[in-house]
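Peer 1: The structure that follows is given in the form of structure tokens.
Every number here is computed from the coordinates shown, using simple stated rules; none is lab data. Since this is a predicted model, take the numbers as computed values, not measurements. Don't worry about glycine lacking a Cβ; one is built from the backbone with ideal geometry, like all the others, and counts go over all protein chains shown.
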Amino acid sequence: MVTLPERKDIPPWVKVPEDLKDPEVFQAQTRLLEAMFGPHGSRIPYIEQVCKAMLKLKVLESLALIEVVVYSNYLYKLQTKWMLQSLAEWHCQRQEQGMLRLEETMNALELGPWMQ
């Protein structure tokens with residue numbers, strides 16, 4: 001079961017109520033967000049501070065996806081969404097590369113000259 005940190009405060013760079021009106025929302029795979037945000041969301045405060053945004057995570061019915069809600073002014077919301085989606089894509093590519101290397105290594109072990 002995925003546990004997410006609860007929101008206890010609003011960061012000082014988020015202007016209430018105007019920045020809370022129209023959040024940017026997107027979905028991402030749970031495993032990618034865990035890789036990006038660290039164990040139990042430990043990196044979320046740092047990411048919020050760098051992006052000047054407030055993040056809220058919601059576990060969806062399928063535990064494979066998490067909804068990410070970004071609150072801030074218009075430009076920071078878009079920048080944060082783009083940055084998080086780019087980071088998720090980078091993690092996917094790294095994982096695919098690792099799987100390809102593993103597959104190549106396994107094939108090399110099976111087809112090595114000592115095995116023929």
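Peer 1: Between K81, K52, K15, which gets the highest mean-square fluctuation from a Gaussian network model of the chain, Cα cutoff 10 Å?
Peer 2: K15
Peer 1: May I pose another question? For the chain, what are the DSSP H helices with axial Cα length of 27 Å or more and mean Kyte-Doolittle hydropathy of at least -1.0? Show your work: numbers first, answer last.
Peer 2: On the way: long enough: 74-111 (55 Å, -0.61).
TM-like helix candidates: 74-111.
Peer 1: Just rank V14, V25, fewest to most, by other beta-carbon atoms within 10 angstrom. Don't skip to the end; give the middle numbers.
Peer 2: Working: V14 19, V25 13.
By the 10 Å Cβ count, ascending: V25, V14.
Peer 1: Report the relative contact order of region 26-87, percent, no decimals, based on alpha-carbon pairs under 8 angstrom and at least 6 residues apart.
Peer 2: Details: 67 pairs, mean separation 21.5, N = 62.
Once normalised by length, the contact order is 35 percent.
Peer 1: Please state, to two decimals, what the Cα-based radius of gyration of region 41-96 comes to when divided by 2.2 N^0.38 Å (N = residues). Can you show the working numbers first?
Peer 2: Details: Rg = 12.0 Å, N = 56, 2.2 N^0.38 = 10.2 Å.
Rounded to two decimals, the normalised Rg is 1.19.
Peer 1: Helix-derived [θ] at 222 nm for the chain: sum -39500 (n - 2.57) over DSSP H runs of at least 4, divide by residue count, nearest 500?
Peer 2: Working: 3 runs with 54 residues, N = 116.
Calculated mean residue ellipticity at 222 nm is -16000 deg cm²/dmol.
Peer 1: Can you give the FRET efficiency for W82 and I10, using 1/(1 + (r/R0)^6), R0 = 22 Å, r = Cβ-Cβ distance, to the nearest 0.05? Spell out each step's value before the answer.
Peer 2: Numbers: r = 23 Å, r/R0 = 1.02.
E between W82 and I10, to the nearest 0.05, is 0.45.
Peer 1: Now for a separate question. Relative contact order for the chain: what percent, with Cα pairs under 8 Å and sequence separation of 6 or more? Could the numbers behind the result be given before it?
Peer 2: Working: 122 pairs, mean separation 33.7, N = 116.
Answer for the chain is 29 percent.
Peer 1: Where does the charge balance sit around L32 when Lys and Arg score +1, Asp and Glu -1, over other residues with C-beta under 14 Å from its C-beta?
Peer 2: Details: positive: R31, R43, R94; negative: E34, E67, E89, E96.
That sum, taken over residues with Cβ under 14 Å, equals -1.
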